[in-house]
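To start, the structure itself, in structure tokens.
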Amino acid sequence: MKNYPLYESKSYVNIREFLAHIEKKYSNNIAISFRKNPHDDEIQTRTYARLCDDVRCIATALVERGFTADDHCALIGRLSYGWICTYFAMLSIGTVLVPLDPDWSADDLADTVTKAECKYLFCCDDVLINKAKTICEAAGIETVVAIDQAEHELTMEKLILEGMQLREDGKRGYETARINPDKLSLLVFTSGTTGKGKGVMLTQTAILSNLYGALRILKINDLGRTVGVLPPHHTFGSTINILGNLAFGTNMYLSSGVRYVVKELKEHRPTHLILVPLYLETFYRKIKAALTESGKEKILNNLLKVTNVISRTGLDMRQKLYKGLLSAFGGELKLVVSGGAPLSSEIAETFESFGIKIVNGYGITECAPLLSANRDKQQKKGSVGMPVPNTKIKIKDPDENGEGEICAKGPNVMLGYFKDPEATNDVFDEDGYFRTGDIGKLDDDGWLYITGRVKNLIILSNGKNVYPEEIEIELASVPGVIDVVVYEGISKRGGEHNAIVAEIFPDAEFLKKNNIENKQEYFKKYINDFNRNAVAYKKITVLKIRETEFPKNTLRKITRFKIDKTID
């Protein structure tokens, strides 16, 4: 299977060069739009020229205040204009940025800021009011900058005004600050649930080479529109969502939060979105529920079969035929890039039947993050796509099916874990490849498939391997399932059972609408259907129903280690 030509893409030496390029190319176009308050009628806008000018002013002020390339600065906040300006300003003067999750507890944030040796703190209102004192006292921080509001001693707006005056006086700290693109630039902590995870050391070379590779295989129409929803402290949210969108001159509206997304999609009319699967899964369930309730599900299924056949002839009528359904996304959505977690083929195929192309990929924080992706004009069902052009991928110690640990090597791979040489040595093999901890295989055409996680792998007493993710994908399509996790149960009496457990968090609204009172009995029927077709050692022996949502991090990934795996 031959791949169609790679897209043209520009490479950048450092962040300043990236900013200079987008400013020149898209100068007066809107880069960022947002509401200062979710309930405001007025939408604020910032052009590419204004964004870059604000970054120059902030950076100039910071240099004049003594910020250096040796300083570590914590940035704790949600996706906002202030967050984006801080990100670019720090990287543009070579300072080390430590982006953290604002939802972590004050103690966890304090532990991480101390561990990361941060000298300065930039934060949003919530952190400033509720957590900054604890963080500053623990880490010995004296300088705190409020990135989102103007009621603090030092704010983003004050730094912009300060830098503006300095530049009028001839100061050029932004331009003269030395950047070593191969030095630690972004320190990202991998834990999504506590502040005690490993610190991934990324360089500007890693970030920008990953952007270059991504743009060679992924294409977004120039001057499109999107709604930004991803948390920016993750590399998927910063490298792919922020840098990727700005590289194409996108007008990115910054969402005010999950509760406002549906309204914002209709208002901003995105042409494309960059999401984690949770959003697509939620949209999918709502569409299915609405169709079932209206009695139109069968009619739509028949119509989809017809339009799918017609579209293959080159006559695509889907945007017109499904106009009412697509209006929920603003009516102009053509492309969704999905990453951060596996996406079921059923969901992807359903959206594509409506005329929305779904492009899924695979990445990991340690690789800045993208390792592979499908393409808008070429995909393989079940695959996470082709490796990005400047990254090598190999399968370590493959079994008889060609499955083994996925390993990667390239300029996008991290320097290592911050002040943890032992953990760093553990994840690099003898050839210098980073061991992702994911199990997968490459087909004859070089397309990558993910089977599961090494840590999640269930090894039975008979030596057989069970990949939970394979079973979870099957069960995720069961009506009424919001989330499902498969694991090996641990007996309360001691010892492991070799019992394969499927734990389901059900959709209460679906069960209520369909008058399903006995949840165990309802889901057991589907478990029995699965078991009839499964090989003996993969059969599910225990079904558990949850009353509360699984514990999750801010990318909405389930934190498996927090699940109680006891049975009996």
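Need one number: nm distance between label points at LEU223 and ALA499, each 7 Å from Cα along Cα→Cβ, rounded to one decimal.
6.3 nm
Around THR176, what is the net charge, scoring Lys/Arg as +1 and Asp/Glu as -1 over all other residues with Cβ under 13 Å from its Cβ? Could you put the intermediate results ahead of the total?
Numbers: positive: ARG16, ARG56, ARG167, LYS171, ARG172, ARG178; negative: GLU64, GLU175.
Taking every Cβ under 13 Å from that of THR176, the sum is +4.
Compute the projected area of the convex hull of the Cα atoms of segment 15-272, averaged over all viewing directions, and report it in nm² to one decimal place. Spell out each step's value before the answer.
Details: hull surface 52.5 nm².
Hull-based average projected area comes out at 13.1 nm².
So if each residue of separation counts as 0.36 nm, and I subtract the Cα-Cα distance between GLN378 and ARG259, what length gain in nm does that give?
The span from GLN378 to ARG259 would gain 39.4 nm if fully extended.
Amide H neighbours of GLY340 under 5 Å, at least 5 residues apart or on other chains, H built in the peptide plane: list them.
So GLY340 has HN proximity to GLY363.
Kirkwood Rh over Cα pairs of the chain into Stokes-Einstein at 25 °C, 0.890 mPa s: D in µm²/s? Don't jump to the answer; show the numbers that get you there.
Working: Rh = 25.1 Å.
Calculated translational D: 98 µm²/s.
Where both partners of a DSSP beta bridge lie in the chain, what percent of those bridges are antiparallel, to the nearest 5? The partial results should precede the final answer.
Working: 43 of 78 bridges.
If I count the DSSP bridges inside the chain, around 55 percent turn out antiparallel.
Can you list which of the GluC sites (Glu not before Pro) found in segment 470-568 are DSSP loop residues with at most 16 other C-beta atoms within 10 Å? Spell out each step's value before the answer.
Working: sites: GLU470, GLU472, GLU474, GLU488, GLU496, GLU503, GLU509, GLU517, GLU521, GLU547, GLU549; in loops: GLU517, GLU547, GLU549.
Of the GluC sites (Glu not before Pro), the ones in loops of segment 470-568 whose Cβ has at most 16 other Cβ atoms within 10 Å are GLU517, GLU547, GLU549.
Step through the residues of segment 220-233 one at a time and calculate ³J(HN,Hα) from phi using the Karplus curve (6.51 cos²θ - 1.76 cosθ + 1.60, θ = phi - 60°), rounding each to whole Hz and writing x for Gly and Pro.
10, 4, 4, 6, x, 10, 8, 10, x, 10, 6, x, x, 6
Report the label-to-label distance for ARG178 and SER327 in nanometres (one decimal), using points 7 Å from each Cα along the Cα→Cβ vector.
Result: 6.1 nm between the two label points.
Out of all DSSP beta bridges with both ends in segment 15-272, state the antiparallel percent to the nearest 5.
Numbers: 9 of 30 bridges.
Just about 30 percent of them are antiparallel.
Please list, in chain and number order, the residues 5+ apart from ARG453 or on another chain whose amide H is under 5 Å from its amide H, with Hs placed from the backbone.
Here ILE439, GLU469 satisfy the definition.
Rounded to the nearest 0.05, what FRET efficiency is calculated for GLU137 and SER345 with R0 set to 45 Å and r the Cβ-Cβ distance? Numbers along the way, then the final one.
Values: r = 50 Å, r/R0 = 1.12.
It comes out at approximately 0.35.
Just to check I understand the Karplus step: with θ = phi - 60° and J = 6.51 cos²θ - 1.76 cosθ + 1.60, what whole-Hz values come out for segment 471-478, glycine and proline as x?
Each residue's phi maps through the Karplus curve to give 6, 4, 4, 5, 6, 5, 7, 5 Hz.
Starting at 0 and stepping by 10 Å, how many percent of the alpha carbon pairs of segment 458-567 end up in each bin?
13, 46, 33, 7, 0
Computed from the coordinates by the stated procedures, all read-outs in this text should not be read as laboratory data. Given the structure is predicted, the values throughout are model-derived calculations rather than measurements. We place every Cβ from the backbone using ideal geometry, glycine too, and count neighbours over all the protein chains shown.
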